[in-house]
Amino acid sequence: MEDDMPRNIYDEDHEAMRASAREFVARTLAPRAEEMIAGKSIPRDIWLEAGKQGFFGLDIPEEFGGAGVDDYRFNAVVAEEMSRFNAATSSCFGIHSDVCPPYIVDLGTEEQKQRWLPGMASGELICAIAMTEPSGGSDLAALKTTAVRDGDSWILNGSKTFITNGYQADLVIVAARTDPSKGAKGITLLMVERGMDGFVNGRKLDKVGMDESDTAELFFENVRVPDENRLGPEGMGFISMMQRLPQERVGAAVSNVAHAKAILEETIQYAKDRKAFGQPIGAFQHNKFLMAELVTKIEVAEAYVDDCIAAHAEGKLSAVDAAKAKWWSSEVQNDVLDHCVQLHGGYGFMNEYRVARAWRDARVTKIWAGSNEIMKELIGRDLGF
Ligand SMILES: Cc1cc2nc3c(=O)[nH]c(=O)nc-3n(C[C@H](O)[C@H](O)[C@H](O)COP(=O)(O)OP(=O)(O)OC[C@H]3O[C@@H](n4cnc5c(N)ncnc54)[C@H](O)[C@@H]3O)c2cc1C
């Protein structure tokens, strides 16, 4: 893929960020890859190191310990490099550093920003966002977790599931129903902190892929959350989430493409090295054409996602375009990785090969961050249906 079309969204500053992210992967993450798989999570000291290297504070203003760069292209290069290592690290770091901070930066009071943002930038406070519940994730407006006013506090009851960083989370943005009579307009965001009575981080869930990420259930039993932990106005939780989901979805798209591209590059090399019937397996016309198709699919998807990154950096990415990028890139990623497994033959089914893990990891990208069906629903609605 040496003769790829040049990408023109990044300048030398973004490439310098890429170089430092790549070095972080090589020095800090790669040697610990097996430990993260076995522990189903990223160890705390790695979070702290990533914070020290400045990967978490991109969206956080300097006065609160971040870099305050306000240029999404920096987030994108970091996400690309983490995805090249593995999809789970990209997801865990992405939720913590790209998805959660904008909620606090945009909606938080001065006191809330001072309390939480420096720890998030340094990696000391691991953050999660909890929307999905056991009874459903797609129909977010129907969520059942309740928060009832009691003086200057809220009493929170309910549970969330499939929460990325949920087991380790120190701080969770929780969507709760504060007015049962108002549907989507009765949802409020509350910041739940580790150690609050009645808040339990459940077990790490046993997943098909993304072994390195901690994905957990969260339980709230009469948790007293002070009103000073309310994020944004009462009843505005649903709208706040809808406004910020495009950043989560473009981030997912960036990771999907970079993840599949890295494994495809390795697969092309494998197809040059592996011999059958006296020739490299890539030289069989079927495989050569297949890889030609896969490279094309990746580059075309990347071009669309690059346009989304550039638009988002300028604050112009629409929710519909983010939805297109999310569903399309996840289909391309899964398609490419499935063929990469096939090109590896039996080794492609062995966990010790990156391609096998990547194939398992990719399956969830059609489900999370809003399922692909929900993405098409959003796009279809925009067509006037
Ligand atoms: C590994 C992992 C990590 C996750 N991390 C987080 C996280 O950090 N925070 C968080 O809040 N959530 C997280 N999720 C949850 C994820 O966003 C949801 O799983 C997803 O939104 C789908 O919700 P559901 O699982 O309840 O499926 P359901 O909503 O029950 O949907 C089931 C099926 O029905 C389809 N469907 C539903 N409604 C429609 C419709 N209107 N039209 C057509 N089809 C429809 C869906 O597309 C899906 O195929 C994570 C999930 C996983 C697996």
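The values are calculated or read from the model by the stated rules, or taken from the named source; none is laboratory data. Source: prediction; values computed, not measured. Here the Cβ positions follow ideal geometry from the backbone for every residue, glycine too, while neighbour counts run over all protein chains shown. When the accessible area is computed, the model is the full protein with side chains, heavy atoms only, and any ligands, DNA or RNA have been set aside. Shrake-Rupley method; radii C 1.70, N 1.55, O 1.52, S 1.80 Å.
At-a-glance table
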| read-out | value |
| --- | --- |
| Burial order of peptide ranges 20-29, 254-263 (average beta-carbon count within 10 Å, highest first) | 254-263, 20-29 |
| Whole-Hz couplings from phi, Karplus 6.51/-1.76/1.60, listed for segment 218-230; x for Gly and Pro | 10, 10, 10, 10, 6, 6, 8, 10, x, 4, 5, 9, 6 |
| Value of relative contact order over the chain, rounded to a whole percent, pairs C-alpha under 8 Å and six or more apart | 16 percent |
| Space enclosed by the convex hull of the alpha-carbon atoms of segment 238-383, per residue, Å³ | 110 Å³ |
| Mean Cβ neighbour count within 10 Å, used as a protection proxy, ranking 336-343, 285-292, 73-80, 38-45 highest first | 73-80, 336-343, 38-45, 285-292 |
| Accessible area in the full protein assembly, largest first, 1.4 Å probe, for Leu125, Leu156 | Leu125, Leu156 |
| Per-residue SASA entry for Tyr103, accessible area with 1.4 Å probe, Å² rounded to 10 | 0 Å² |
| Loop-resident sites, segment 311-355, for trypsin sites (Lys or Arg not before Pro), counting at most 12 other Cβ within 10 Å (DSSP) | Lys316 |
| Unsatisfied cross-links (Cα-Cα over 21 Å) in the set Lys185/Lys326; Lys160/Lys207; Lys40/Lys376 | Lys185/Lys326; Lys40/Lys376 |
| No Cys partner within the rule (Cβ under 4.7 Å), the chain | Cys92, Cys308, Cys340 |
| Within the accessible area of the chain (1.4 Å probe), percent carbon and sulfur | 53 percent |
| At R0 = 45 Å, FRET efficiency that the Cβ-Cβ distance of Ala276 and Gln114 yields, to 0.05 | 0.10 |
| Solvent-free Debye scattering, log10 I(q)/I(0), computed from the Cα coordinates of the chain at q = 0.06, 0.10, 0.15 Å⁻¹ | -0.23, -0.63, -1.39 |
| Centroid-to-centroid separation of segment 36-103 and segment 190-208 [C-alpha atoms, Å] | 20 Å |
